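Everything below concerns the one structure shown next.
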């Protein structure tokens with residue numbers, strides 16, 4: 001059985017004290033700060049057009065566009081060309097979804113196709129909701145846990161939050177949550193608007209593995225906006241799309257067992273641990289690594305965030 005700290009380590013695979021000097025920094029013309037990390041193998045695989053400046057000695061990859069529109073076109077054209085070349089397996093899953101990259105003043109610096117974000121190691125954003133019942137016969141909390149569909153490209157059949165999804169360009173976290181809640185759990189908009197409570201963020205740096213599809217070892221810094229919602233007994237979440245096979249009401253002990261067996265996706269294991277800490281299920285008295293776990297779940301990133 002995995003410990004709670006091991007669950008955090010499974011998700012947050014590049015702690016803030018780790019030396020990043022072996023990585024290339026993703027830079028943008030006009031900004032002094034990096035926006036992501038690239039593997040050397042990734043840098044060497046790209047066929048870089050002349051609007052990129054590659055410095056192998058300084059380990060930087062700089063996009064030279066001077067405006068938002070120019071940068072967006074340049075990165076889009078670069079990625080389309082690589083998809084045509086078949087350079088990266090990850091680009092086979094191309095969709096129309098776009099992620100935002102923010103500068104140190106929280107201004108929009110560029111937008112990048114979601115599927116390509118791990119190639120550049122940029123910070124991405126998502127929303128996660130855990131719906132629960134506390135009005136039970138024994139007074140104990142029970143949480144609605146989703147099981148991902150077998151057909152999912154990433155982490156098929158693993159356990160998940162009640163509702164979760166990526167935050168695309170142009171949508172606020174709460175509006176994203178409302179949309180995802182309707183799509184994934186069939187929650188009416190009014191229910192989510194009135195019942196969902198914002199609980200902060202969970203931050204981590206994952207690295208892609210065989211469960212995520214595509215290239216291995218790419219860096220994926222993420223910020224998850226977390227929400228929770230207490231539901232009455234007569235409200236039952238029902239999968240509304242093909243994202244989840246089922247959503248099951250589980251007792252805390254069942255969830256702890258599933259966590260220990262590694263049945264949750266790495267990210268959602270951390271979302272559940274954060275919920276457990278908020279509700280006092282995990283505390284200093286019953287978890288020897290309490291402070292490290294709590295700190296790691298709310299770590300900072302090396303790059304600008306929204």
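Take each of the peptides 4-14, 22-32, average the number of other beta-carbon atoms within 10 Å over its residues, and list them starting from the highest. It would help to have the intermediate numbers written out before the result.
On the way: 4-14: 19.7, 22-32: 17.0.
Result, highest mean Cβ count within 10 Å first: 4-14, 22-32.
How far apart, in nanometres, would the label points at residue 153 and residue 210 be if each is projected 7 angstrom from Cα along the Cα-to-Cβ direction?
2.0 nm
Within segment 269-288, find all residues whose amide N lies under 20 Å from a label point positioned 7 Å from the Cα of residue 230 along Cα-to-beta-carbon.
Only 272-283 fall inside the zone, counting backbone N under 20 Å.
What's the ranking of 271-284, 109-122 by average number of surrounding C-beta atoms within 10 Å, highest first?
109-122, 271-284
Between the helical axis of 68-85 and the dominant principal axis of the chain, each derived from Cα atoms, what acute angle in degrees is found, rounded to the nearest 10?
The angle comes out at about 90 degrees.
For 234, 160, 107, what's the fewest-to-most ordering of other Cβ within 10 Å of each Cβ? Could the numbers behind the result be given before it?
On the way: 234 5, 160 24, 107 10.
Placing the least packed residue first, the sequence is 234, 107, 160.
Please report Rg over Rh for segment 226-270, where both radii come from the alpha carbon positions and Rh follows the Kirkwood definition.
Ratio of gyration radius to Kirkwood radius for segment 226-270: 0.98.
In angstroms, what radius of gyration and Dmax does segment 24-120 have, counting Cα atoms only?
Values for segment 24-120 (Cα only, Rg and Dmax): 12.6, 36 Å.
Enumerate the residues in segment 260-277 having an amide nitrogen under 11 Å from the point lying 7 Å beyond the Cα of residue 242 toward its Cβ.
Those under the cut-off are none; the list is empty.
Taking the Cα atoms only, what angle lies between the long axis of helix 266-278 and the longest principal axis of the chain, rounded to 10 degrees?
Helix 266-278 sits roughly 50 degrees off the main axis of the chain.
Can you work out the FRET efficiency for the pair residue 56 and residue 17, with r the C-beta to C-beta distance and R0 = 25 Å, to the nearest 0.05? The partial results should precede the final answer.
On the way: r = 26 Å, r/R0 = 1.04.
After rounding to 0.05, the efficiency reads 0.45.
In degrees from 0 to 90, rounded to the nearest 10, what is the angle of the helix 173-185 Cα long axis to the longest principal axis of the chain?
Helix 173-185 sits roughly 60 degrees off the main axis of the chain.
Which residues in segment 239-258 have a backbone N closer than 15 Å to a point placed 7 Å from the Cα of residue 137 along the Cα-to-Cβ line?
Within reach of a label on residue 137, which here means backbone N under 15 Å from a point 7 Å along Cα→Cβ, segment 239-258 contributes 251.
Sort 175-183, 187-195 by the packing proxy (mean of other Cβ within 10 Å over each peptide's residues), most packed first. Intermediate values should be presented prior to the final figure.
Values: 175-183: 20.7, 187-195: 15.4.
The most tightly packed comes first, giving 175-183, 187-195.
How long are the semi-axes of the ellipsoid equivalent to segment 148-229, from square roots of 5 times the Cα gyration tensor eigenvalues, in whole Å, largest first? Please report the intermediate quantities before stating the final value.
Numbers: eigenvalues 127, 50, 23 Å².
Three semi-axes, in Å: 25, 16, 11.
Throughout, read-outs are computed from the coordinates displayed, never taken from laboratory work. Since the structure is predicted, the reported quantities are computational estimates derived from the model, not experimental observations. As a convention, Cβ positions derive from the backbone with ideal geometry for all residues, glycine included, and neighbour counts pool all protein chains shown.
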